[in-house]
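Here the structure is laid out as structure tokens; the discussion comes afterwards.
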């Protein structure tokens with residue numbers, strides 16, 4: 001099993017660019033490329049995708065979580 005995990009502090013615009021990259025890969029099909037710090041992982045995208053969306057607020061901290069999953 002291949003794993004990839006990377007956290008980075010971004011501007012709102014940079015975060016949107018990352019999401020656009022993911023959206024483009026989903027639209028095009030084929031492979032979703034994840035890269036950071038010289039590590040690059042290609043994840044094959046399936047035709048059917050499960051999307052889970054969550055949000056939490058704890059004081060002044062807001063967390064929005066988007067999880068995409070599919071069968072290989």
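The values are calculated or read from the model by the stated rules, or taken from the named source; none is laboratory data. Worth saying up front: this structure is predicted, and the values here are computed from it rather than measured. Here the Cβ positions follow ideal geometry from the backbone for every residue, glycine too, while neighbour counts run over all protein chains shown.
Across the range 20-32, what is the total count of residues that are on the phi > 0 side of the Ramachandran plot and modelled with pLDDT of 95 or more? If you could, list the steps in order and put the result at the bottom.
Residues of the range 20-32 that are on the phi > 0 side of the Ramachandran plot, as a first pass: 29-30.
Now restrict to residues that are modelled with pLDDT of 95 or more: none.
Summing the residues that are on the phi > 0 side of the Ramachandran plot and modelled with pLDDT of 95 or more in the range 20-32 gives 0.
Among the residues of the range 45-72, those that are surrounded by fewer than 10 Cβ atoms within 10 Å (Cβ to Cβ) and either touching a helix residue (DSSP H, G or I) at 6+ places or on another chain (Cβ under 7 Å) or under 16 Å from residue 22 (Cα atoms) (or both) comprise 47, 48, 52, 53, 65, 67, 69. A search for C-beta distances below 8 Å between a residue of the range 33-59 that is on the phi > 0 side of the Ramachandran plot and any residue that is modelled with pLDDT of 95 or more and assigned to a strand (DSSP E or B), counting only pairs 6+ apart in sequence or on different chains, returns nothing.
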